[in-house]
Amino acid sequence: MTISREDSARIYSILDKSGVFSGGSQNDFHDAGENQLAILTHFGLMASSLVLDIGCGCLRGGRWLIPYLNSDCYFGVEPNVEMLEIGKKVVIDSKILRDKKPKFNTNSDFEFDVFGTTFDYFIARSIWTHSSKKQIEKMLDQFVRHSSPSARFLTSYMRPRIPFLDGYKGESWIGKSHESDQPGIARHSLRWIKRACLNRGLKVSSIDEPNLNYGAQIWLLIERTQEDTDL
Ligand SMILES: C[S@@+](CC[C@H](N)C(=O)[O-])C[C@H]1O[C@@H](n2cnc3c(N)ncnc32)[C@H](O)[C@@H]1O
């Protein structure tokens, strides 16, 4: 499947005129979307995989994932209802929407049982870069509860500027959301993330290959440890 840069530019311009923040520039709209499909396929995504896109926004990533996946395989959570609705109208072709039947939910509590299924992949692009530690821990708990034994969680993050600190200490989301139009970034140390994963029987690998990352954010791969998979 090919998605042209011209088409990305056309859609970006509609979003921009409608006042919808797609997560960055026109190039980011194309490249950060494509990168989400690339990182998932690199780690084994198949058309039949069940994917949960946390904070799917206006479907910058969904635009690449939904056509790739079989029908009924894409699930998106996005509390900004207006953004999601514009995305469904403008970003995804109406025939693809009809054929692939993606499912959406608008809860803001990181509750992933709302779809009544378990997932093979979780993806969170530019989500941990705005989340509090409490919210990250909730996402990890939900991953443990609502994913298949060999499931993979791909999430992007940014390291604290001062290496020996654990980063953002606030209790709530920081940055644009359904509740705020103020920009902001949350940084978290890999040391803290590793501890949070270990406490839940999960291991985390930092994807340090530049060609798999896009922009300033680094992908992390989170999986169950072998012992937990064998249970
Ligand atoms: C920077 S955007 C990233 C969107 C998308 N993942 C992408 O890469 O294009 C962050 C998204 O998270 C959403 N968000 C904010 N609070 C959330 C929450 N509590 N649960 C889920 N998503 C949330 C925002 O509305 C926004 O769409």
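The values are calculated or read from the model by the stated rules, or taken from the named source; none is laboratory data. Everything numeric in this text was worked out from a predicted model, so none of it was measured. All Cβ positions, even for glycine, are placed from backbone atoms using ideal geometry, and neighbour counts span all protein chains on display.
For every residue, the table says whether it meets (1) closer than 15 Å to L40 by Cβ; (2) touching a Ser or Thr at 6+ places or on another chain (Cβ under 7 Å); (3) among the β-branched types (V, I, T).
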{"site": "D113", "(1), (2), (3)": "no, no, no"}
{"site": "L140", "(1), (2), (3)": "no, no, no"}
{"site": "H146", "(1), (2), (3)": "no, yes, no"}
{"site": "R152", "(1), (2), (3)": "yes, no, no"}
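Take I66 and decide whether it is more than 27 Å from S172 (Cβ to Cβ), in contact with a strand residue (DSSP E or B) (Cβ under 8 Å, 6 or more places away or on another chain), of a type outside the set (K, R) and within 14 Å of the ligand (Cβ to nearest atom). When the stated conditions are applied, I66 passes them. Among the residues of region 101-120, those identified as within 21 Å of S71 (Cα to Cα), within 12 Å of the ligand (Cβ to nearest atom) and buried (at least 19 other Cβ atoms within 10 Å of the Cβ) are F104, F112. Cβ-Cβ contacts under 7 Å between residues 6 or more apart (or on different chains), taken from a first residue in region 45-73 that is without any contact (Cβ under 8 Å) to a residue 40 or more places away in the chain to a second residue that is assigned to a loop (DSSP other than H, G, I, E, B) and basic (K, R), are listed as S71/K101; D72/K101. A Cβ distance below 6 Å, combined with a sequence gap of six or more or placement on separate chains, defines the contacts here; from region 75-89, residues that are at pLDDT 95 or above reach residues that are away from the ligand (no atom under 12 Å from the Cβ) in the pairs F75/K103; F75/F115; I86/S18.
Counting the residues of region 1-54 that are closer than 30 Å to S148 by Cβ, assigned to a helix (DSSP H, G or I) and within 14 Å of the ligand (Cβ to nearest atom) gives 10.
With respect to (1) within 15 Å of the chain's Cα centre (by Cα); (2) under 21 Å from I11 (Cβ atoms), the lone exception for V77 is condition (2).
For every residue, the table says whether it meets (1) part of a loop (DSSP other than H, G, I, E, B); (2) closer than 26 Å to Q226 by Cα; (3) polar (S, T, N, Q); (4) within 13 Å of the ligand (Cβ to nearest atom).
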| residue | (1), (2), (3), (4) |
| --- | --- |
| K95 | no, no, no, no |
| D99 | no, no, no, no |
| F122 | no, yes, no, yes |
| S131 | yes, no, yes, yes |
| K134 | no, yes, no, yes |
| M139 | no, yes, no, yes |
| V144 | no, yes, no, no |
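Of a type outside the set (V, I, T), surrounded by 14 or more Cβ atoms within 10 Å (Cβ to Cβ) and under 19 Å from the mean Cα position of the chain (by Cα): which single residue out of K134, K176 fits that description? Working first, answer last.
Working: K134 fails: surrounded by 14 or more Cβ atoms within 10 Å (Cβ to Cβ).
Checking each option against the conditions leaves just K176.
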